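Peer 1: My questions will all concern the structure given below.
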Amino acid sequence: MITSSLVSIVLLVSTFGAAFDPLKHSGNASPYFDAPTLPGLGPETPAGCVVDQAAYFVRHGSRYPEPSSFVGWQDLFWKIQNATFIAHGPLAFLPTWNLPVDNVDHQPLFLSSTGAQESFDLGVELRKRYEFTTGGGNFTAWSAGEQRVVDTATYFLRGYLSDGNYIADPSLNRGHLIVLPDSLTAEQAINATNGTFADSLTPSASCPPYTVFSNNGSAAASTFRATYQNRTAARINSFLQGNLTFDATDIGVMQDLCGFGYEINGDRRFCDIFTGEEWLDYEYADDLNYYYGSGPGNPLSAVTGYPWIKAISDLFEVGPNNTVSNGTLIPPPLIMGFSHDNNLPPLVSALGLWNDTILSLTQRDTNPLRQFRSGHLVAFRGYLALERLTCSTPRPDLNNSGIFHQAGVLGGAVVNLNDTAVASPNISSTTTPQFYVRVRADNAPIPVPSCSSGPGQTCLLAQFIEKVNGPLANSAGDFMEVCGLANVTGSGVSGISGNGSSVRFLTTKGDGTEILAGLN
């Protein structure tokens, strides 16, 4: 009981901090931020371990609104402009507020400058974190087909390759981006000449039963919003005099404009309108949307996330700079895939993470230990990552030991300072390295259930592979069968590469269209 209470206090401090930040409680409208870590489990690589292989599944960076959402912004703007009123307090800025979109033909749905920076920064961060790519080395990444996703991958490559001076040499330090077609429905496959089902970065688009259940997410969110939006509208209307009155629909748009306004042009004024409790309600509605729409609350979620998890598990089993049996492509040690927000929660489901809670539709779950929080996974440029770690003897206590270096030989060995001569050191024996797997969500390590006995609560690689090939596979089911695609026939089927239930693009040449991402 004491331990649980202490953990609760630590998480509350970690999550809310001294100053409440609405941008960290805006769900999928949040610009990227590192998710809070569990007590005692930092993002650092455990002592005695190195990461020798990693795989990232990344949402695109911050963007302008979708066209349908922008209509709501326009409606709010004209509602304000066509009214005669006096606004005070946190609404005093409304008479001068203008839409943060000034080029309708080129901005809605596409990356903002913040999204470009987030993507570039991730490239720089991962280049430093893993040091997998030597100077001048080329790098390949994968992307879904929408322009905002391709642009995110391109800016990532520019950040990752922002090293040295290689502009004049097109053979060195170049980013190769493989753009994959979006998954097809059975109806689309009949008439397609080239297509895919699970072998993509958008597999849920091919699964009709998943789509049926995914509608439960928006319905759940709407049910919960009805419990607070009218109350919130009544409170903020107290700051108005005249013929301007906000309703529940306006509240949703205004809270969206906190995250979007900030990431587009740095405007936080909509963030300041609402109380902390109102932001937690807004966040919880987004949690419901993803939990029941594409996460553990959707019973078909795991089957759409499992193929990517299985493909990465197979690559971790053979190790870096290798490919699977019958593979024709060797992926880099850092495997990067870029996609959309709704394709991230299925990966959590496939791994059996964050599925221990049934979220209420009518009352916000206030448990600080609640695991599923959408903003800790699907914020703009959010990601889920798997790392393969090689771990040996933990770093020695350098008060009693030292590291011996032989002239002309890179590296060193542990020696006992009390029983050592430099000319003939007594070199400590080393253990055989062990391999482990760690999961990260927006940089925060996430222990795998019933598989966290390794350093830093990592999962032994052999045990992880056993879980993926056994209970997780059984829980997810076969993609083609579960999604009702097993009997699809037609000319388009021949264009589906191999087994429609598996991800092959990481180890198969010719899957997708390869383009060169320019550095300038």
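Peer 1: Looking for whichever is at pLDDT 95 or above and either of a type outside the set (A, V, I, L, M, F, W, C) or part of a helix (DSSP H, G or I) (or both) here; the options are P445, P425. Which one fits?
Peer 2: Exactly one of P445, P425 is at pLDDT 95 or above and either of a type outside the set (A, V, I, L, M, F, W, C) or part of a helix (DSSP H, G or I) (or both), namely P445.
Peer 1: Kindly indicate the residue of region 145-160 that is of a type in the set (G, A, S) and farther than 14 Å from R59 by Cβ and also least open to solvent (accessible area, probe 1.4 Å) among those meeting that condition.
Peer 2: G159
Peer 1: Just give me the residues in region 344-362 being over 11 Å from L201 (Cβ atoms), touching a strand residue (DSSP E or B) at 6+ places or on another chain (Cβ under 9 Å) and in a loop (DSSP other than H, G, I, E, B), in sequence order.
Peer 2: L351, G352, L353, W354
Peer 1: Further question: Collect the residues in region 170-190 that are more than 28 Å from the chain's Cα centre (by Cα) and assigned to a loop (DSSP other than H, G, I, E, B), keeping them in residue-number order.
Peer 2: Residues satisfying the conditions are P170, S171, L172.
Peer 1: For region 63-78, state whether one or more residues are crowded, with 19+ Cβ neighbours inside 10 Å and farther than 23 Å from T232 by Cβ.
Peer 2: yes
Peer 1: Inside region 253-286, can you point out the residues that are of a type in the set (D, E), in a helix (DSSP H, G or I) and closer than 20 Å to R63 by Cα?
Peer 2: The answer is D256, E263, E283, D286.
Peer 1: Could I ask something else about it? Looking only at region 96-144, how many residues end up being aromatic (F, W, Y), closer than 30 Å to I86 by Cβ and either in a strand (DSSP E or B) or open to solvent by 70 Å² or more (accessible area, probe 1.4 Å) (or both)?
Peer 2: Number of matching residues: 0.
Peer 1: Could you check region 297-343 and list, in sequence order, the residues that are outside any helix (DSSP H, G or I) and either basic (K, R) or under 20 Å from M480 (Cα atoms) (or both)?
Peer 2: Within region 297-343, N298, P299, L300 meet the criteria.
Peer 1: Only one of (1) at pLDDT 95 or above; (2) within 18 Å of the chain's Cα centre (by Cα); (3) of a type outside the set (D, E) fails for C391. Which number is that?
Peer 2: (2) is the only condition that C391 fails.
Peer 1: Answer yes or no as to whether N265 is of a type outside the set (D, E, K, R), farther than 26 Å from V101 by Cβ and open to solvent by 70 Å² or more (accessible area, probe 1.4 Å).
Peer 2: no
Peer 1: Of all the residues that make up region 114-169, how many are among the aromatic types (F, W, Y) and under 16 Å from the mean Cα position of the chain (by Cα)?
Peer 2: The number of residues fulfilling the criteria is 3.
For (1) of a type outside the set (A, V, I, L, M, F, W, C); (2) open to solvent by less than 50 Å² (accessible area, probe 1.4 Å); (3) without any contact (Cβ under 8 Å) to a residue 60 or more places away in the chain, each residue gets a yes or a no:
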site	(1), (2), (3)
P346	yes, yes, no
L361	no, no, no
F380	no, yes, no
Y383	yes, yes, no
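Peer 1: Could you list, in sequence order, all residues of region 191-250 that are in a strand (DSSP E or B) and open to solvent by less than 60 Å² (accessible area, probe 1.4 Å)?
Peer 2: Within region 191-250, G195, L240 qualify.
Peer 1: Among the residues in region 383-393, are any of a type outside the set (S, T, N, Q) and over 26 Å from G477 (Cα atoms)?
Peer 2: Scanning region 383-393, I find at least one residue that is of a type outside the set (S, T, N, Q) and over 26 Å from G477 (Cα atoms), so the answer is yes.
The values are calculated or read from the model by the stated rules, or taken from the named source; none is laboratory data. Bear in mind the structure is a predicted one, so any value in this text is a computation, not a measurement. No Cβ is skipped: glycine too gets one built from the backbone with ideal geometry, and neighbour counts run over all protein chains shown. To get the accessible areas, we keep the full protein, side chains included, count just its heavy atoms, and leave off ligands, DNA and RNA. Shrake-Rupley method; radii C 1.70, N 1.55, O 1.52, S 1.80 Å.
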